[in-house]
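One structure is given below, encoded as structure tokens.
Just so you know, all these numbers are worked out from the coordinates, no wet-lab data involved. For clarity, every value in this text was computed on a predicted model and none was experimentally measured. Backbone-built Cβ (ideal geometry, glycine too); neighbour counts: all protein chains shown.
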Amino acid sequence: MKKAIKYLLLASLLFLIYTTVVTYPKLDIVDGFSAKNIASCVFLAHRSQQLTEQRDNDLPSMELASNEVDNGSQTVTSSVYGLKEREALYTAGLGAVLLPPGETKRASATIPQRDKTPIQLPFPYGNLPPKDSILSNINYPLLQKAVAAAFDGEGEDIKKTRSVLVLYDGHLIAEKYKEGFDQNSVMAGWSMTKSVTSTILGILQKQHKISLDDNHLFPEWEKDDRRNITIRNLLNMNSGLEWAEDYSNISDATKMLFLDKDMSRTQVQKPLSGQPNQSWNYSSGTTNLLCGLIREKFNSQQAYLDFWYRELIDKIGMHSMIIETDYSGHFVGSSYGWATTRDWAKLGLLYLNNGNWMGEQIIDTSWVNFSRQPTNTSKGIYGGHFWLNAGGIYPDVPRDLFSCNGFQGQYVFIIPSRKLVVVRTGLSEKPDFDINAFLKGIIAAVN
């Protein structure tokens, strides 16, 4: 009996040791995500801590984190059983950032200078209410049915849609929000932000400050074949650089987002695991590397920050948008863009209009075409920092669809052949949210 108890205690001890060894390193990720996301949701999006913990942080292991919000210092401190405590700091204009241990402020706190003068035109080209218009080729009852079907019914919690907006040929034809959200609610775009980063590069290309075929991009790459990687390869996620985009485990992506001070350097250090233009591999590190490349085009931090807002975001009236910066001051262009549903729609409209905004060519039409061109080895699902339907992943949707996609089902769909921009935000992806059925229903209402 004593021997059995002894073996049982030994087995329990070994299990405890194993669990600690396996779990403890993950606490940085759990605490980091919890602190950062709560800080952004509470201070930037103006949601309650309770709602954020129950909904936005409703992910595996996140329930283990205890979170303390300090409204005075605008910080959030998170830990699991007091272990691996992480602190996130919010700064107006810059968003929330995870602080390294022992730090109480950002390494770079330069604030972008913005012009948010309201544009006195109806939405979507301005900030005034949209015009009331009835278009003869729209079946409005069928459209309303398709939009309503994107939301959970009474007692359901599967689709978790928060907003849907539909533009047809520049006209707002449908808009619906989950209770508690409205047209002023700022929504996390997650990886939809990658398409914003690409657009900034498109503007630099139009200004002749970069070319898609530029190579020899970083000094660290000069001694090996990485020197041959082009900006085109990076935008196509086809550089051949090693990267693991896995959010269920400790990976390159999670270590970058929740441990690194300067996220623009993470991918720079990676070796080749394939060949440029032959090895499609989705990588948030690649986008943040591009944010670092963009930074090198400016003489000051102020000029770098201001450019994104002056030349794109505020120019097309996306005044609600904030792209958060990392601890070092680089935009986290892979993941941390926030805007209202209406402002996300403006980005889609810019691309629907081939880069033209009310007569001004913001990006060249050739850049839009590049964004829509399938990346080699991607099987038709990816272009230049946009997702594609060229391979027919949505069988009942036109093949010319291209889109900005983000974690948990954030989408800006552009369908040129149907003159449509469709935005959906929420907290679920397939199979819980059926994109093909959703878009099929909307398209059926537009003759």
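For the stretch 162-231, which GluC sites (Glu not before Pro) are in a loop by DSSP, counting at most 15 other Cβ atoms within 10 Å?
Working: sites: Glu175, Glu179, Glu220, Glu222; in loops: Glu179, Glu222.
The qualifying sites are Glu179, Glu222.
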Taking 7 Å along the Cα-to-C-beta vector as the label spot, tell me the Gln113-Asn354 distance in nanometres, rounded to one decimal. 3.6 nm
Semi-axes of the stretch 94-183 from the Cα gyration tensor (sqrt of 5 times each eigenvalue, largest first, whole Å) come to 37, 24, 9
Cross-link partners of Lys255 among lysines (Cα-Cα below 19 Å; sequence separation of 8 or more within a chain): Lys26, Lys36, Lys84, Lys194, Lys270
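Around Leu272, with a cut-off of 13 angstrom between Cβ atoms, what is the net charge of the other residues, counting Lys and Arg +1 and Asp and Glu -1? Walk me through the intermediate numbers first.
Details: positive: Lys223, Arg226, Arg227, Lys270; negative: Glu220, Asp224, Asp225, Glu242.
Summing Lys/Arg as +1 and Asp/Glu as -1 gives 0.
Give the average over all directions of the projected area of the C-alpha convex hull of the stretch 36-143, one decimal, in nm². Show your work: numbers first, answer last.
On the way: hull surface 45.5 nm².
If I average the Cα hull's projected area over directions, I get 11.4 nm².
Would you please name the chymotrypsin sites (Phe, Trp or Tyr not before Pro) within the stretch 193-253 that are DSSP coil residues with at most 16 other C-beta atoms within 10 Å of their C-beta? Walk me through the intermediate numbers first.
On the way: sites: Trp221, Trp243, Tyr247; in loops: Trp243, Tyr247.
Here the chymotrypsin sites (Phe, Trp or Tyr not before Pro) that fit, given the DSSP loop and packing criteria, are Tyr247.
Helix-only estimate, please: 222 nm mean residue ellipticity of the chain, summing -39500 (n - 2.57) across DSSP H runs of length 4 or more and dividing by its residues, to the nearest 500. Show your work: numbers first, answer last.
Values: 11 runs with 121 residues, N = 447.
That calculation yields -8000 deg cm²/dmol at 222 nm.
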Nearest 10, in degrees from 0 to 90: the angle of helix 193-206 to the longest Cα principal axis of the chain is 50 degrees
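So if each residue of separation counts as 0.36 nm, and I subtract the Cα-Cα distance between Lys105 and Glu85, what length gain in nm does that give?
5.6 nm
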Descending semi-axes in Å of the stretch 183-308, equivalent ellipsoid built from Cα gyration tensor: 22, 20, 14
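State the number of lysine pairs found in the stretch 316-447 whose Cα atoms come within less than 21 Å, restricting to pairs 8 or more positions apart or on distinct chains. Mind showing how you got there, number by number?
Working: Lys346/Lys419; Lys379/Lys430; Lys419/Lys440; Lys430/Lys440.
For the stretch 316-447, qualifying lysine pairs total 4.
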Please enumerate, by chain and number, the lysines with C-alpha under 17 Å from the C-alpha of Lys209, excluding those fewer than 8 residues away in the same chain. Lys297
Pick out, from Ile443, Gly274, Leu235, the residue whose Cα sits farthest towards the positive end of the charge dipole of the chain, with +1 on the Cβ of Lys and Arg and -1 on the Cβ of Asp and Glu. Gly274
Excluding same-chain residues fewer than 8 positions from Lys261, which aspartates and glutamates have a Cα within less than 15 Å of its Cα? Asp28, Glu87, Glu103, Asp252, Glu324, Asp326
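For a test of the definition: using alpha carbon positions, the gyration tensor, and the 1.5 limit on a/c, classify the stretch 326-380 as rounded, prolate or oblate.
Working: a/c = 1.87, a/b = 1.15, b/c = 1.63.
Taking the square roots of the gyration eigenvalues as a ≥ b ≥ c, the stretch 326-380 is oblate.
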Hey, could you pull the Cα Rg and Dmax for the stretch 186-444, both in Å? 17.2, 55
How big is the stretch 288-392 on each of its three principal axes, counting only the C-alpha atoms and giving the largest first in Å? 42, 33, 25
For helix 284-295, report the angle its Cα long axis makes with the longest principal axis of the Cα atoms of the chain; keep it between 0 and 90° and round to the nearest 10°. 70 degrees
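State, as an integer percentage, the relative contact order of the chain based on alpha-carbon contacts under 8 Å between residues 6 or more apart.
On the way: 873 pairs, mean separation 81.5, N = 447.
Normalised by residue count, the contact order of the chain is 18 percent.
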